[in-house]
Amino acid sequence: MSSRKILLLRHSDSVDMTFGINWLNFYDPVTGLLKVPQGTPAQFDYIPVPDVNLPPENLPSVGKDDFNFAENDRRQHPTEPNGTETSVSFVYVPSIVFRSVPSEMASINGPLQFDYSNCHCPFPANVTYAPYRPDGFDAWASDPFLTESGRIMAVAVGQYLRKIKFGLEQFGRRIYVSPSYASIETASCILDGLLGTSREEVEICIEPGLALYPHRFRAVPSYIESSELALHHPFRVNSRYKTVFDKAKLSIKEEINAYYDSNSLSSRNRETVRHLLKSYRFPFLIIVAHAGTLEAVCRTLRGMKPLDEQNYCRCIEGIPFLADACLSEEPNGAWKLTDSPLLRFSQVGNQKQEDWSWLNLDDAQLKIKFRKK
């Protein structure tokens, strides 16, 4: 049997919902008006019109603290960047709940708009419509969907695989993904590009063991269940797939050693990959997950020591969307980095790593490398 390979991909470009959800401006149930920041960009061209008295059940769910506004029509925004303050006033806006972003971010992410039923209206064009989510819109903050360009790039990956005749049997008609929506959507778009109009059976297996290291979250993201995705989303999700790792065991208290230490029996990453490889007999095992997954799997399989959290975070920050790494199994069972079958994107803002040499560096060497920068 020829040597097995693992093709690791980071998910494609996802919508940054952080600012849109942190900067909430809600309907005031007392006055029946909506609040938006003064100095709203002119391109919105919002004209004050009579309120349509939207029923509260059609508005976004919010906590009690979100309605603690001053009795008059002005207040100071508590979360303005750099300690500055912005006054807020009431305006009449029919059937639109406007959630703003800081002005300096508007040119990057663009403003976010939502209708009264909490449906996401895209602005600018790269921000797409938010799919249905059973756990509420705000859950997208920690589990975002892809941008329009992110979807296009992921489809392009699949089209390239079709061009080089990367057959379905190469990867057993199965792609393993992190439970994050961006990873699932990326895999689905790749399959769309690979299959074209074909109706071949290919499945996406959602594996909680591939979930990202939750170092930047206050709580574990509320990932959508496989059964829900199979029912309401156009993905080829195998809802009957038996997971290696129990999603209920994902914890915000997880330490980095438990995430990917090759010498730790409790290593989530190591045990997940080991189990997937145990009975895998196809040339390629394809995994779509996170920047940290690329780093962790490459170190885990090659028996390297894990990085400390500071170096880990620095390294994954340099891994762009849709970056890929490929590992090849040696006759003696060892794994090494090898050339990926995919080409490097040349799109501005998504330049891939020219090489993965930094994956061969330990903590001490990386500290020297970062110090030179």
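The values are calculated or read from the model by the stated rules, or taken from the named source; none is laboratory data. From a predicted model like this one, the values you see are computed outputs, not experimental measurements. Note that each Cβ is placed from the backbone with ideal geometry, even for glycine, and that neighbours are counted across all protein chains shown.
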Quiz item: Is it the case that some residue within region 308-322 is in contact with a Phe, Trp or Tyr (Cβ under 7 Å, 6 or more places away or on another chain), buried (at least 18 other Cβ atoms within 10 Å of the Cβ), at pLDDT 85 or above and under 30 Å from D246 (Cβ atoms)?
Solution: yes
Practice problem: For region 246-258, state whether one or more residues are of a type in the set (K, R) and surrounded by fewer than 16 Cβ atoms within 10 Å (Cβ to Cβ). | Solution: yes
Practice problem: Check I190, I175, I184 and return the single one that is in a strand (DSSP E or B) and within 22 Å of V157 (Cβ to Cβ). | Solution: I175
Practice problem: Residue by residue through region 139-184, note down the ones that are in contact with a helix residue (DSSP H, G or I) (Cβ under 7 Å, 6 or more places away or on another chain), charged (D, E, K, R) and within 21 Å of A291 (Cα to Cα). | Solution: D143, R151
Practice problem: Test K305 against the stated conditions and say whether it is modelled with pLDDT under 90, surrounded by fewer than 16 Cβ atoms within 10 Å (Cβ to Cβ) and in the same structural domain as W335 (by TED's automatic domain parsing). | Solution: yes
Quiz prompt | Among the candidates R151, R174, residue that is touching a Cys at 6+ places or on another chain (Cβ under 8 Å), in the same structural domain as N311 (by TED's automatic domain parsing) and at pLDDT 95 or above | solution = R174
Quiz item: Can you name the residue in region 284-326 that is of a type in the set (S, T, Y) and farther than 14 Å from W358 by Cβ and, of all such residues, is nearest to the chain's Cα centre (by Cα)?
Solution: T293
Quiz item: Tally time: how many residues in region 319-334 are without any contact (Cβ under 8 Å) to a residue 40 or more places away in the chain and not polar (S, T, N, Q)?
Solution: 2
Exercise. Determine if region 146-162 includes at least one residue that is surrounded by fewer than 18 Cβ atoms within 10 Å (Cβ to Cβ), among the acidic types (D, E) and not in a loop (DSSP other than H, G, I, E, B).
Key: yes
